[in-house]
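A short write-up of the structure that comes next.
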Amino acid sequence: MDAPPPIGVFDSGVGGLTVLGALHAALPAEDFIYLGDTARLPYGTKSATTVARYSAQCAGALVARGIRALVVACNTASAFALADLRRDFPRMPIIGVIEPGAQAAVAASRTQRIAVIATEGTIAGGAYQAAIRRLSAAAEVRTRACSLFVAMAEEGWTEGPLTEAVAHRYLDGMFDGAAAPDTLVLGCTHFPVLAAAIRAVLPPGVRVIDSAATTAAAVAAVIGAGGAGGAGGRGSGRVVWLATDGAARFARVGSRFFGRTLAADDIEIIDL
């Protein structure tokens, strides 16, 4: 039997490889096409209109390659472009990272006091706040933009005194008081590689929600239900790598996020 078409995944760069890694672990027999829009990163500091336009171009490039489901592995793109993508590709299952993260946070929180850290664009857009409150009207949401975490993750500064000092600077005070959150959402796909340093500065008992893992579970549910064409794990487990610039840097930094060595020669540079 022929293998089913691949699942498309896109991000502004390499952060979405944490999502792809979780997807590959949850669906090891599936084929994927990953597109990193490295020529135009980061999305987190750009306007909603620009992010929506870039996201439409990324999605169109993946759809043109015959994907059967699309994962928007970027919190900013999920915040600003998901509705438009679902309108433009109504027959394509499209899963973002915000809704699964919000669902997991509401389910995990005992008090419905939830903190979200993300990029400036994601926080300013209010998508996590809205998604959490749709699920729990009583939820209290604290947010903080932690843009420096993105650069630190890409530089490989994922642990040690400097990383924890920056985590303290961002997070100290966010969990103070009797009404402190009991759950923290890592609302950027770069942040899971910093999870150990982030956990080290949190009060005991705070639950940490990784949007990469929760998104992978949501995609597995769609694929398992046959909603994306009945994959059922019959694919060959290959990944096709696409980027819009810098194959060598994509491979070097991406290896850290994906958890295995990538080769620059395997990355196809495309124009959008």
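Quick notes on this structure:
- Single residue of the stretch 255-272 satisfying the filter (assigned to a helix (DSSP H, G or I) and of a type in the set (D, E, K, R)) that is nearest to Ala213 (Cα to Cα): Arg256
- Candidates Asp11, Asp31, filtered to the one that is over 17 Å from the mean Cα position of the chain (by Cα), under 27 Å from Ala221 (Cα atoms), crowded, with 19+ Cβ neighbours inside 10 Å and touching a residue at least 60 places away in the same chain (Cβ under 8 Å): Asp31
- Cβ pairs under 8 Å, 6+ apart, first in the stretch 203-221 and of a type in the set (Ser, Thr, Tyr), second assigned to a strand (DSSP E or B): Ser211/Val185; Ser211/Leu186; Thr215/Val71; Thr215/Ile95; Thr215/Gly96
- Filter result for Thr158 (surrounded by 21 or more Cβ atoms within 10 Å (Cβ to Cβ), modelled with pLDDT under 95, in contact with a helix residue (DSSP H, G or I) (Cβ under 7 Å, 6 or more places away or on another chain) and polar (S, T, N, Q)): no
- Hits in the stretch 177-207 - residues which are among the β-branched types (Val, Ile, Thr), in a strand (DSSP E or B) and over 12 Å from Gln112 (Cα atoms): Val185
- Within the stretch 1-40, the set of residues being within 12 Å of Thr189 (Cβ to Cβ) and in a loop (DSSP other than H, G, I, E, B) comprises Ser12, Gly13, Val14, Gly15, Gly16.
The values are calculated or read from the model by the stated rules, or taken from the named source; none is laboratory data. Please read these numbers as outputs of a predicted model, since none were measured by experiment. No Cβ is skipped: glycine too gets one built from the backbone with ideal geometry, and neighbour counts run over all protein chains shown.
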